[in-house]
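Asks: Have a look at the structure that comes next, please.
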Amino acid sequence: MFKRFFSYYKPYKKLFTLDFSSATLVAILELAFPIMVQRVVDNILPTGNWNLIVMVSIGLLLVYAVNTALHYIVTYFGHKLGTNIETDMRRDLYNHIQEQSFSYFDNRETGKLITRFTSDLFEIAEVAHHGPEDVFITIFTLLGAFGLMLSVHVPLAIMTFVLVPFIALALGFFNKKMTQVNTRIYDDLAMFSAGIEASVGGVRVVQAFSNEDHEKGRFAKLNQAYRKSKYMFYKTMAISHSYNYFFIRLISLFALFFGAYFAIQGQISYGDLVAFILFANVFVRPIEKVNTMIESYPKGFAGFKRLIEELNIKPDVQDTSYATDVAELKGNIEYENVSFSYEENQPILENINLSIKAGETVAFVGPSGAGKTTICNLLPRFYDITSGKLSVDGYSVKEITLNSLREQIGVVQQDVFLFPGTIKENILYGKLDAIDEEVEKAVKMANLEDVVNQLPNGLETVVGERGVKMSGGQKQRLSIARMFLKNPPILILDEATSALDTETEQAIQEALDSLSEGRTTLIIAHRLATIKNADRIVVVADKGISEEGSHEELMANDGPYRALYEAQFAS
């Protein structure tokens, strides 16, 4: 894990060197003041040479001026280093999530993922900035100050140092304890964020069912769990700080008490005594710094551990080693003994055999949960088949890179997702480099032109969060315009009109018919009236295909399709 952590420093070696060397110089110069005080008290004060005292003071002033500049470098450039590393980690995490298959998101909550991008990475950045320099400077300052204390008086230094092992044992114990507590805090925070995301995202459903009190109660439980975790953290931190405070002050007290004894005995000078006390103060300063480290570092290490666990998750679906880019697919699709299951030993589809010719329109019908959408989702490899072979134009879908495969498959869904922004920006998602003329043509072909013309800002109208300012029909037309712009040879229509009123459905059906022209089209439908003119209708039931044919053929068969049709149109 440490090797992985320090790999993020590689692009910023110069910045790290500047920060680290400046912090080291700060630590060295901090030791200069006690040494100068010792010289002034023992050697200069007895001479009464005021000019020399002035010169020494000016020298110390210059040292402090240099140290001030070094502190600026450490604070600004050190945090710049931490921010750069945080940015790189966030980039890696985002790229990792973008590469994951649908199954990954089936088992994740959005709120939990958001905490990875925010609080986790903030704490990691603090460790990335302060970690290496704090550890080095703590050790360096402790050894340096102790060495100077030994140079003043060995027995006195040993008497003072005898308390350090007690502090070290406490630091080790509390560091382990704080890491455990922080891991729990992050888990509770993830649950907390997921709860907020769900409540805010579903606020319309909450209010529609008048369940505000229920959501408040649910949130209160999450809030209290997070509070208890924080209480545990601060309690552990308080015990650690209090314990260390007592022993750190004992070090200063020992230095004063035993130092005074040796000074009275004539074994050390008064200058040595003053210098030793100052050295002791420098000596305890990094120990006090460790208290801060114990508070923040376990957070960073716990966060980084979670980040690595996340990054180590391999996508279920990814390019094979033999995959190649295929520039132009025609749309001949072949399912050969295809089986699929979301969970092991729980098959959804078994031995599906289906041939679809380029340009053919094939509709999938059947009861909910039969596997209609799953059959179509296997084509762009949103999920990978469990066994069998699925090919397009003779290529196994695994022989085609995901990018070139999905570029040539368009999906229009029932639940249209719109990004925050304008209508134009959402349409351009179909082809990011499209020119205005192409966008306007797509709008016209999707029967969205009248809607756009009625809006005061036209294509620049903001759609709102998830398109909340647009009706279901308007959003569906926008998604169709987006697909016209993409212009793929293969099209999947996933219940694209099932949630619309009859009049809107007819207008959108016209746009979909126009969109389907000349393309291989797979239609998933519940409303059988919308697919009567399909070249072929496939009835999916009980993990497989029960029958297929044209509307007329299936009605004549007196099989499952006819039963579905008569049930739907029974008066």
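Asks: Taking the stated definitions as given, is Leu81 crowded, with 18+ Cβ neighbours inside 10 Å and closer than 30 Å to Ile308 by Cα?
Replies: Yes, satisfied.
Asks: May I pose another question? For Phe258, indicate whether it is surrounded by fewer than 20 Cβ atoms within 10 Å (Cβ to Cβ), assigned to a helix (DSSP H, G or I) and in contact (Cβ under 8 Å) with a residue 12 or more places away in the chain.
Replies: Yes, satisfied.
Asks: Please go through the stretch 19-48 and give me each residue that is without any contact (Cβ under 8 Å) to a residue 60 or more places away in the chain and not in a helix (DSSP H, G or I), ordered by number.
Replies: Gly48
Asks: Answer yes or no as to whether Val416 is of a type outside the set (Phe, Trp, Tyr) and at pLDDT below 85.
Replies: Yes; evaluated as a whole, the condition is true for this residue.
Asks: Just one of Ser193, Ser151 is part of a helix (DSSP H, G or I), in the same structural domain as Gln267 (by TED's automatic domain parsing), surrounded by 14 or more Cβ atoms within 10 Å (Cβ to Cβ) and modelled with pLDDT under 75; which is it?
Replies: Unique residue meeting the criteria: Ser193.
Asks: Of everything in the stretch 342-370, what is farther than 30 Å from Asp325 by Cβ and of a type outside the set (A, V, I, L, M, F, W, C)? Give them in sequence order.
Replies: Correct list: Glu343, Glu344, Asn345, Gln346, Pro347, Glu350, Asn351, Gly366, Pro367, Ser368, Gly369.
Asks: If you check Lys357, Lys372, which single one turns out to be more than 17 Å from Ile524 (Cβ to Cβ) and among the basic types (Lys, Arg)? Let's see the steps before the verdict.
Replies: Numbers: Lys372 fails: more than 17 Å from Ile524 (Cβ to Cβ).
Result: Lys357 is the single residue among Lys357, Lys372 that is more than 17 Å from Ile524 (Cβ to Cβ) and among the basic types (Lys, Arg).
Asks: Another question, then. Go through the stretch 84-128 and give me each residue that's assigned to a helix (DSSP H, G or I), of a type in the set (Ser, Thr, Tyr) and farther than 14 Å from Arg306 by Cα. Give the derivation first.
Replies: We begin by selecting, within the stretch 84-128, every residue assigned to a helix (DSSP H, G or I); these are 84-98, 102-106, 110-128.
Imposing the further condition that a residue be of a type in the set (Ser, Thr, Tyr) reduces the set to 87, 94, 103-104, 110, 115, 118-119.
Listed by number, the residues that qualify are Thr87, Tyr94, Ser103, Tyr104, Thr110.
Asks: Determine if the stretch 340-351 includes at least one residue that is farther than 30 Å from Ser514 by Cα, part of a loop (DSSP other than H, G, I, E, B) and modelled with pLDDT under 85.
Replies: Within the stretch 340-351 (the criterion being farther than 30 Å from Ser514 by Cα, part of a loop (DSSP other than H, G, I, E, B) and modelled with pLDDT under 85), the answer is yes, since at least one residue qualifies.
Asks: Moving on to the next point. Just to be sure before I move on: is Phe16 part of a helix (DSSP H, G or I), farther than 30 Å from Ile268 by Cβ and in contact with a Phe, Trp or Tyr (Cβ under 6 Å, 6 or more places away or on another chain) in the structure I sent?
Replies: yes
Asks: Here's something else I'd like to know. Based on this model, can you work out whether Leu491 counts as under 17 Å from Gly430 (Cβ atoms), at pLDDT 75 or above and not in a loop (DSSP other than H, G, I, E, B)?
Replies: Taking the combined requirement at face value, the residue satisfies it.
Asks: Within 30 Å of Leu31 (Cβ to Cβ), assigned by TED's automatic domain parsing to the domain that holds Ala170 and under 28 Å from the mean Cα position of the chain (by Cα): which single residue out of Tyr297, Tyr261 fits that description?
Replies: Going through Tyr297, Tyr261 in turn, the sole match is Tyr297.
Asks: Mind checking which residues of the stretch 374-392 are among the charged types (D, E, K, R) and in contact with an Asp or Glu (Cβ under 9 Å, 6 or more places away or on another chain)? Before you say what the answer is, go through the steps one by one.
Replies: Within the stretch 374-392, the subset among the charged types (D, E, K, R) is 381, 384, 389.
The answer is Asp384, Lys389.
Each row is one residue, and each column tells you yes or no for (1) in a helix (DSSP H, G or I); (2) at pLDDT below 85; (3) buried (at least 20 other Cβ atoms within 10 Å of the Cβ); (4) of a type in the set (Asp, Glu).
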| residue | (1), (2), (3), (4) |
| --- | --- |
| Met470 | no, yes, yes, no |
| Ser498 | no, yes, no, no |
| Glu505 | yes, yes, yes, yes |
| Ser514 | yes, yes, no, no |
| Ile523 | no, no, yes, no |
| Ser546 | no, no, no, no |
| Tyr561 | yes, no, yes, no |
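Asks: Same structure again: Give the residue that is nearest to the chain's Cα centre (by Cα), with candidates limited to residues of the stretch 361-392 that are closer than 19 Å to Arg536 by Cα and in a loop (DSSP other than H, G, I, E, B).
Replies: Among those residues, the one meeting the criterion is Leu379.
Asks: Further question on the same structure: Among the residues of the stretch 99-147, which ones are under 19 Å from Leu81 (Cβ atoms) and of a type in the set (S, T, N, Q)?
Replies: Thr138 - this is the single residue of the stretch 99-147 that is under 19 Å from Leu81 (Cβ atoms) and of a type in the set (S, T, N, Q).
Asks: Would you say Leu354 is assigned by TED's automatic domain parsing to the domain that holds Gln413, part of a loop (DSSP other than H, G, I, E, B) and touching a residue at least 24 places away in the same chain (Cβ under 8 Å)?
Replies: no
Asks: Condition first: farther than 25 Å from Phe301 by Cβ and at pLDDT 85 or above. Can you find one or more residues in the stretch 32-48 that meet it?
Replies: No, because not a single residue in the stretch 32-48 is farther than 25 Å from Phe301 by Cβ and at pLDDT 85 or above.
The values are calculated or read from the model by the stated rules, or taken from the named source; none is laboratory data. Keep in mind the model is a prediction, meaning the values are calculated, not measured. Positions of Cβ are backbone-derived with ideal geometry, glycine not excepted, and every protein chain shown enters the neighbour counts.
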